[in-house]
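Notes for the one structure printed next.
The values are calculated or read from the model by the stated rules, or taken from the named source; none is laboratory data. For clarity, every value in this text was computed on a predicted model and none was experimentally measured. All Cβ positions, even for glycine, are placed from backbone atoms using ideal geometry, and neighbour counts span all protein chains on display. Side chains are part of the model used for accessible areas, which takes the heavy atoms of the whole protein and leaves out ligands, DNA and RNA. Shrake-Rupley method; radii C 1.70, N 1.55, O 1.52, S 1.80 Å.
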Amino acid sequence: LAKTTQPISMDSYEGQEVNITCSHNNIATNDYITWYQQFPSQGPRFIIQGYKTKVTNEVASLFIPADRKSSTLSLPRVSLSDTAVYYCLVGHYSSASKIIFGSGTRLSIRP
Amino acid sequence: GAVVSQHPSWVICKSGTSVKIECRSLDFQATTMFWYRQFPKQSLMLMATSNEGSKATYEQGVEKDKFLINHASLTLSTLTVTSAHPEDSSFYICSATRQGDPLSYNEQFFGPGTRLTVL
């Protein structure tokens, strides 16, 4: 499983766009990039997954450059409720494939 | 859909006792279930992978005789912490993958977690 590197923490304010970048230099050809969100004392929640270019859903956007060695999770107009830990995961996931969580990015949103 | 529940949500027990935590997939059949442990301010640490009807696969450093995992059906896996001690106090989280999901899209559905406190 490709190792990922992301900032330990980030701060922002309500209404701002937040971009969290994850480095994965050793990503393999058949690896996907997945982001999870975790609130305190809760299980992680799937946010978005992508392979290349850009993916957008109702919660976030995921930007992946052509070399796929990094990815950026973009949260538009954050609110206080977006305060959480965000995990970037890379791997070729099959139905039996385990996930190894990195350290994650602790995002704090201020009023 | 794809809801995973855990029971209990929290438990306090005395040192030396055993505690069982249940993980259920409520509206889907789970191909595989995973058990994680998370200490305060730390990331999730995978403990074991559990497949229905077969023995669990434990990660390095996780004692299989200490953390007993039973996966009796496609919707239920249990984790039993045997002879619990204060250092076993942690947040235990299970997850499940849905049977039939495409191989290229493996979303794990996580339970809400169980807070274990051993006195």
Computed for chain B: size of charge dipole around the Cα centre, +1 on C-beta of each Lys and Arg, -1 on C-beta of each Asp and Glu, debye to nearest 20, value 260 debye
Straight-line reach check, residue B:41, cutoff 26 Å on alpha carbons, 8 or more apart in-chain or any other chain, hits among lysines -> A:3, A:98, B:14, B:20, B:64, B:66
A student asked for the Cα radius of gyration and Dmax of chain A in angstrom ought to give 13.4, 42
Treating every alpha carbon of the stretch B:13-59 as one equal point scatterer without solvent, the Debye formula yields log10 I(q)/I(0) values at q = 0.14, 0.17 Å⁻¹ of -0.49, -0.70
Per residue, accessible area of chain A with a 1.4 Å probe, heavy atoms of protein chains only, in Å², comes to 49 Å²
Given B:87-98, B:64-75, A:38-49, the highest-first ranking by average Cβ count within 10 Å works out to B:87-98, A:38-49, B:64-75
Projected onto their principal axes, the Cα atoms of chain B stretch, largest extent first, over whole-Å spans of 43, 25, 23
Using the Kirkwood formula on alpha carbons, the hydrodynamic radius of the protein assembly as shown in angstrom works out to 18.3 Å
Highest GNM mean-square fluctuation among B:79, B:26, B:46, for chain B with Cα springs under 10 Å, belongs to B:26
Treating only Lys and Arg (+1) and Asp and Glu (-1) as charged, each at its beta carbon, one finds that the protein assembly as shown has a dipole about its Cα centre, in Debye to the nearest 20, of 200 debye
With +1 on the Cβ of every Lys and Arg and -1 on the Cβ of every Asp and Glu, the dipole magnitude of the stretch B:25-88 about its Cα centre, in debye rounded to the nearest 20, is 80 debye
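Taking Rh as the Kirkwood radius computed over C-alpha pairs, what is the Stokes-Einstein D of the stretch A:26-67 at 4 °C in a medium of viscosity 1.567 mPa s, expressed in µm² per second?
Numbers: Rh = 11.5 Å.
D = 112 µm²/s.
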Isolated cysteines for chain B, Cβ-Cβ cutoff 4.7 Å, are B:13
